[in-house]
Amino acid sequence: MSLNVLVIGAGMGGLSAALAFQQHGHRVTVMERVEDIRPIGAAISLWSNGVKVMHQLGLGTTIERLSGDMQRMRYLRHDGELLSDFSLTPLYEDVEQRACPIARAALQQTLFDAVGAEHIELGQHCVDYVSNADGVTAFFADGRQVTADLLVVADGTHSKLRNKIIGRPVERQYVGYVNWNVRVQATAELAPLDSWDQYVGESKRVSLMPMGTGGNADAEQEFYCFFDVPLPANTPNEPARYREELREHFSGWSDAVQTLIEHFDSARMARVEIHDIEPLETLIDTRVALLGDAAHGMAPDLGQGGCQAMEDAWVLAQVVQKALEDVPTPNEALRQALDNYNTARVKRVGEIVARARTRAQMIHGHTPALTQNWYDELSREDGQGVREGIKKTILGGPLG
């Protein structure tokens with residue numbers, strides 16, 4: 001049986017879901033609020049569990065070609081003193097897939113092209129839905145109504161539909177720090193071209209991650225760079241002052257950090273106050289599934305936000321297809337499939353949201369003694385502990 005699937009949101013989660021349902025022969029329409037898709041943020045650290053989903057969707061080879069070759073991880077003190085330096089090869093061997101840090105624009109364009117522009121409508125703001133056992137109707141700000149067999153809500157961390165699905169208000173929570181992120185040309189002066197370098201100190205962090213070319217016009221290798229600073233919520237966001245602010249926040253830090261601050265293109269920089277949402281008790285309503293940041297907006301400190309959206313998408317399409325094959329009536333098949341999706345995803349994403357917040361607090365000085373203890377541990381880190389933590393997260397996913 002072929003379903004009419006309506007996806008709200010053309011981010012990574014929504015487009016991954018659209019492609020996953022298309023692969024099973026379903027008719028998919030994606031509705032996106034904005035008129036012009038412009039990815040927020042420079043890049044994404046796509047870990048192995050996300051890459052595995054991309055391979056299942058037929059995009060893995062493209063993603064690997066466009067992404068960075070991240071083979072090592074280094075932690076350095078804010079003044080440049082090396083704390084630890086270790087290979088990621090044992091991790092990749094254990095999980096049978098390397099990580100693929102990649103430009104958000106390249107990833108989103110790859111997904112967009114795979115789904116097909118003819119299946120994606122921009123400038124369509126979904127504001128409500130009504131569902132029953134026989135179907136679901138979505139309502140849009142311009143008065144339009146669209147009826148489908150299944151509604152997939154992937155409208156991001158500011159979701160307009162989440163409260164209705166959950167049945168109560170869900171507020172975003174400030175995690176406690178601001179992140180400036182930007183793409184810069186990769187040079188050995190800044191960091192080894194195959195290493196993820198992180199400078200830590202004073203409850204702040206600077207990161208340089210190899211992210212490949214992302215298909216840029218000059219085929220230049222780039223670093224995905226970000227600066228984290230614990231600050232009160234609602235501090236002024238003034239693009240003209242980004243460089244000046246970062247000079248102040250990172251005064252006295254290493255030469256590489258100073259070089260980075262002086263050479264990034266502020267017009268390409270994004271500044272984000274980091275928020276998450278509490279772990280949710282359900283991700284479904286009648287004929288409706290919630291996924292991606294709308295379902296589990298999380299701090300980026302585990303690098304799992306996009307990966308979990310991709311897992312959501314793959315799992316949802318799989319359980320729906322299996323139920324349609326195993327259950328004689330479509331209504332009962334969808335009810336059973338959504339229950340199975342809920343069972344598969346609520347606990348996993350809830351645990352990762354909680355762990356990401358805990359790690360964000362540890363890195364950014366929520367409890368200064370714990371942050372200092374982390375710095376001390378990094379000076380003794382041989383890589384085994386870090387790799388095991390990442391491995392546990394990856395292997396806990398639906399593709400192992």
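The values are calculated or read from the model by the stated rules, or taken from the named source; none is laboratory data. The structure displayed is predicted, hence computed values, not measured ones. Positions of Cβ are generated from backbone atoms using ideal geometry, with glycine treated the same way; all protein chains shown enter the neighbour counts.
What to note about this one:
Table: residues versus (1) of a type outside the set (A, V, I, L, M, F, W, C); (2) touching a strand residue (DSSP E or B) at 6+ places or on another chain (Cβ under 7 Å); (3) touching a residue at least 24 places away in the same chain (Cβ under 8 Å); (4) in a helix (DSSP H, G or I).
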{"residue": "F226", "(1), (2), (3), (4)": "no, yes, yes, no"}
{"residue": "P232", "(1), (2), (3), (4)": "yes, no, no, no"}
{"residue": "E262", "(1), (2), (3), (4)": "yes, no, no, yes"}
{"residue": "E273", "(1), (2), (3), (4)": "yes, yes, yes, no"}
{"residue": "P279", "(1), (2), (3), (4)": "yes, no, yes, no"}
{"residue": "E311", "(1), (2), (3), (4)": "yes, no, yes, yes"}
{"residue": "L316", "(1), (2), (3), (4)": "no, yes, yes, yes"}
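- Filter result (in contact (Cβ under 8 Å) with a residue 60 or more places away in the chain and small (G, A, S)) within the range 334-389: G350, A354, A356, A360, G365, S379, G383
- Wholly enclosed strands (runs of 3 or more DSSP E) of the range 128-222 bearing at least 3 residues in contact with a helix residue (DSSP H, G or I) (Cβ under 8 Å, 6 or more places away or on another chain) and in contact (Cβ under 8 Å) with a residue 40 or more places away in the chain: 150-153, 173-185, 195-201, 204-210
- If you go through the range 376-395 and keep only what is assigned to a helix (DSSP H, G or I) and basic (K, R), you end up with R387, K391, K392.
- Being surrounded by 14 or more Cβ atoms within 10 Å (Cβ to Cβ) and outside any helix (DSSP H, G or I) is a property that holds for P398.
- Boolean, A313 is in contact with a helix residue (DSSP H, G or I) (Cβ under 7 Å, 6 or more places away or on another chain), within 23 Å of I102 (Cα to Cα) and crowded, with 21+ Cβ neighbours inside 10 Å: yes
- Of everything listed in (1) surrounded by fewer than 23 Cβ atoms within 10 Å (Cβ to Cβ); (2) in a loop (DSSP other than H, G, I, E, B), the single unmet condition for M298 is (1).
- Long-range neighbours under 6 Å by Cβ, at least six apart or interchain, first residue of a type outside the set (S, T, Y) and at pLDDT 95 or above within the range 52-76, second in a loop (DSSP other than H, G, I, E, B) and crowded, with 22+ Cβ neighbours inside 10 Å: K52/Q97; L66/G212; L66/G214; G68/M211; G68/G212; M70/A99
- Selection from the range 281-292 of residues that are touching a strand residue (DSSP E or B) at 6+ places or on another chain (Cβ under 9 Å) and in a loop (DSSP other than H, G, I, E, B): T282, L283, T286, R287, L291, G292
- Test set (1) in contact with a Pro (Cβ under 7 Å, 6 or more places away or on another chain); (2) within 30 Å of A337 (Cβ to Cβ) - F223 fails condition number: (2)
- In this entry, G303 is excluded by the filter for residues that are in contact with an Asp or Glu (Cβ under 9 Å, 6 or more places away or on another chain), touching a residue at least 24 places away in the same chain (Cβ under 8 Å) and within 30 Å of M362 (Cβ to Cβ).
- Residues considered: D218, D194, D228. Of these, the only one that is surrounded by fewer than 21 Cβ atoms within 10 Å (Cβ to Cβ) and closer than 30 Å to W374 by Cα is D194.
- Pick from the range 318-332, criterion surrounded by 19 or more Cβ atoms within 10 Å (Cβ to Cβ) and without any contact (Cβ under 8 Å) to a residue 60 or more places away in the chain, ranking: farthest from A17 (Cα to Cα): A323
- The residues listed here are A233, A270, A256, A294; of these, the one that is touching a helix residue (DSSP H, G or I) at 6+ places or on another chain (Cβ under 7 Å) and among the hydrophobic types (A, V, I, L, M, F, W, C) is A294.
- Among the criteria (1) at pLDDT below 95; (2) touching a strand residue (DSSP E or B) at 6+ places or on another chain (Cβ under 6 Å), the one S87 does not fulfil is (1).
- For S207: the one exception among (1) of a type outside the set (D, E); (2) modelled with pLDDT of 95 or more; (3) within 25 Å of E64 (Cα to Cα); (4) buried (at least 22 other Cβ atoms within 10 Å of the Cβ): (4)
- The single condition from (1) in a helix (DSSP H, G or I); (2) farther than 24 Å from V146 by Cα that P328 fails is (1).
- Selection count, the range 23-51, where residues are among the aliphatic types (A, V, I, L, M), modelled with pLDDT under 90 and closer than 30 Å to D149 by Cβ: 1
- Taken residue by residue, the range 311-324 has no member that is more than 17 Å from the chain's Cα centre (by Cα) and among the aromatic types (F, W, Y).
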